[in-house]
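K.L.:
Let me begin by handing over the structure; questions about it come next.
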Amino acid sequence: GVIFYTEFFNPVPVCYDETESKRRDTMDTMGYLRKIGQFGKNPDGSYTRRIFSPEWERAADLVRSEMKALSMKTDRDAAGNEHGVLLGSVPGLPAIILGSHLDTVPSGGLYDGAMGVAAALAALSRAQKEGVIFRHPMEIYAFNGEEFNPLGALFGSRVLTGWFDSEAPHMKDALHSFGKTGEEMAAARRDFAGVKCYLEAHIEQGPELAARKLPVGIVTGIAGVFRYRVICHGMANHSGTTLMKRRHDAMVGMAKLIVYGDLRCRELDDHLVFTAGTIKCLPNSANVVPNRVEATFEMRHLDRTLTDALIADIKTYAETIPDVTFSFETREEKPGTYCDKGLQEVFQNAADRLHLPYFVMPSGASHDAHALARRVPVGMIFVPSRDGISHNGKEWTDAKDVRAAGNLLYEALRILDKED
């Protein structure tokens, strides 16, 4: 297996020799990942570890025991974030944080989130095996609630960074349902004054790396996520006696708006995405013209000007749809964030040292790094998802690509640890 690649940011052809990669690799990223995968596996081969579930808790307990085996001091905050600290040899140097999440979507895959935790553990395990003593403190976070849940996506990392509003509508009830309080969440916020940076390894969850047959991606930024509750107001009436010209059909009105949103999104930018992911029809009867239809509109892009332009155009078009009216409620706003350019260069230099070809790319999915970027410089790397599949039991990343990501993460740590 030799691959030659000349993508931008890597102008000189480089050679990726899988045999050499295996020889260098004394880590056991796949071993850690399989251990985590003991918990929440479904009969069909998919995985379900939801926020604060027994399956999640057993996985977090396992990570804690593995951290302790690496001589790390451990703790778990009220948000469920499992945390380990390995002290550095030079007092006063800022910490380098590694991490990702342990929870999954319902019937998700083995790799999403957990691979980043496994790679972090394996990086410190490799250092221990090779007798490397880091100058900086090394920390690992196994975050809780990164996937969408009643407390909101990126829950654990948002609590840690203070990007969590316990007073938001319905949040008190949601916290109470998990036996938690807003006061506990406020107390779990961390001071990041003594932190140098945050690094995260993750599967791509898209098709680019797999299509290009490349082992790693270096992430430039994480797309913003904006969600709106859109309601179409019409008038209920008998489906048999109400002529078409006299109808105020909320379902038809919503359908027209969704089709427009899809078409306008495609016109604005290739990396802008629009999803009408949920829909609710009232009165939801086969023989009644719908009088109210609710939908969720989600749009994502790294540049907020494009998502703002899309929702503005959708609102303008809504006013032209006859016989119905619309209302819009903002439900979630997570502006996009850029990864630190210096950390991108560190990953590029590390990839060159390892003769790993790479692709420089944005992330369309959100990650815990999105929340951490509000407090510290962040860097991310991706590995391929076969056929671009994720949030699915069929999610798959080849072991050689997992090893490549682990090697790259470890090499980046070695580079960063030489800096003050």
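The values are calculated or read from the model by the stated rules, or taken from the named source; none is laboratory data. No experiment lies behind these values; they were computed from the predicted model shown. Don't worry about glycine lacking a Cβ; one is built from the backbone with ideal geometry, like all the others, and counts go over all protein chains shown. For the accessible areas, the whole protein counts, side chains as well, though only heavy atoms, and no ligand, DNA or RNA atoms are used. Shrake-Rupley method; radii C 1.70, N 1.55, O 1.52, S 1.80 Å.
K.L.:
Given the conditions (1) within 20 Å of K334 (Cβ to Cβ); (2) touching a Leu at 6+ places or on another chain (Cβ under 9 Å); (3) open to solvent by less than 50 Å² (accessible area, probe 1.4 Å); (4) in a loop (DSSP other than H, G, I, E, B), report the number of the one that R189 does not fulfil.
P.N.:
The single condition R189 does not satisfy is (3).
K.L.:
If I filter region 320-340 for residues that are part of a helix (DSSP H, G or I) and open to solvent by less than 70 Å² (accessible area, probe 1.4 Å), do I get at least one hit?
P.N.:
Restricting attention to region 320-340, the residues satisfying the condition of being part of a helix (DSSP H, G or I) are none.
No, region 320-340 contains no residue that is part of a helix (DSSP H, G or I) and open to solvent by less than 70 Å² (accessible area, probe 1.4 Å).
K.L.:
Hey, another quick one. Have a look at A405, A369, A365, A309 and point out the one that is in a helix (DSSP H, G or I) and modelled with pLDDT under 95.
P.N.:
A405
K.L.:
Restricting to region 243-272, give me the number of residues that are open to solvent by 40 Å² or more (accessible area, probe 1.4 Å), in contact (Cβ under 8 Å) with a residue 40 or more places away in the chain and touching a helix residue (DSSP H, G or I) at 6+ places or on another chain (Cβ under 7 Å).
P.N.:
Here the count works out to 3.
K.L.:
Find the residue count for region 198-229, including only residues that are β-branched (V, I, T), crowded, with 24+ Cβ neighbours inside 10 Å and closer than 30 Å to K280 by Cβ.
P.N.:
Result for region 198-229: 1.
K.L.:
For the structure I just gave you, tell me whether V219 is touching a Ser or Thr at 6+ places or on another chain (Cβ under 6 Å) and assigned to a strand (DSSP E or B).
P.N.:
yes
K.L.:
May I ask you to verify whether V360 is part of a loop (DSSP other than H, G, I, E, B), of a type in the set (A, V, I, L, M) and over 15 Å from the mean Cα position of the chain (by Cα)?
P.N.:
Values: part of a loop (DSSP other than H, G, I, E, B): no; of a type in the set (A, V, I, L, M): yes; over 15 Å from the mean Cα position of the chain (by Cα): yes.
Considered against the rule, which asks whether it is part of a loop (DSSP other than H, G, I, E, B), of a type in the set (A, V, I, L, M) and over 15 Å from the mean Cα position of the chain (by Cα), V360 comes out as no.
K.L.:
Follow-up. Would you confirm whether or not region 347-361 contains a residue that is of a type in the set (V, I, T) and surrounded by 16 or more Cβ atoms within 10 Å (Cβ to Cβ)? First the steps, then the outcome.
P.N.:
Initially, region 347-361 is screened for residues of a type in the set (V, I, T), giving 360.
Right, trim to surrounded by 16 or more Cβ atoms within 10 Å (Cβ to Cβ) and you get none.
Checked against the condition, which is being of a type in the set (V, I, T) and surrounded by 16 or more Cβ atoms within 10 Å (Cβ to Cβ), region 347-361 yields no hits at all.
K.L.:
Could you check region 377-386 and list, in sequence order, the residues that are open to solvent by 10 Å² or more (accessible area, probe 1.4 Å) and either hydrophobic (A, V, I, L, M, F, W, C) or not in a loop (DSSP other than H, G, I, E, B) (or both)?
P.N.:
R386
K.L.:
Among (1) more than 21 Å from F328 (Cα to Cα); (2) open to solvent by 60 Å² or more (accessible area, probe 1.4 Å), where does T305 come up short?
P.N.:
(1)
K.L.:
Now a separate question. For region 347-405, enumerate the residues that are in contact with a helix residue (DSSP H, G or I) (Cβ under 9 Å, 6 or more places away or on another chain) and among the charged types (D, E, K, R).
P.N.:
Result: R353, D368, R374, R375, R386, D387, K394, E395, D398, K400, D401, R403.
K.L.:
Moving on to the next point. Please note which strands (runs of 3 or more DSSP E) are completely contained in region 59-169 and include at least 1 residues that are closer than 21 Å to N407 by Cα. Before you say what the answer is, go through the steps one by one.
P.N.:
Numbers: elements: 73-76, 82-86, 95-101, 138-143.
In region 59-169, 82-86, 95-101, 138-143 are the strands (runs of 3 or more DSSP E) which contain 1 or more residues that are closer than 21 Å to N407 by Cα.
K.L.:
Restricting to region 84-93, name every residue that is open to solvent by 20 Å² or more (accessible area, probe 1.4 Å) and either of a type in the set (A, V, I, L, M, F, W, C) or within 25 Å of the chain's Cα centre (by Cα) (or both).
P.N.:
The answer is V85, L86, L87, V90, L93.
K.L.:
Then there is this: Anything in region 258-280 that is part of a helix (DSSP H, G or I) and either farther than 28 Å from P362 by Cβ or touching a strand residue (DSSP E or B) at 6+ places or on another chain (Cβ under 7 Å) (or both)? List them, or say none.
P.N.:
I258, G261, D262, C265, listed by residue number.
K.L.:
Pick out the one residue from G182, G194 that is touching a strand residue (DSSP E or B) at 6+ places or on another chain (Cβ under 7 Å), of a type outside the set (S, T, N, Q) and either farther than 27 Å from D112 by Cα or modelled with pLDDT under 95 (or both).
P.N.:
The conditions single out G194.
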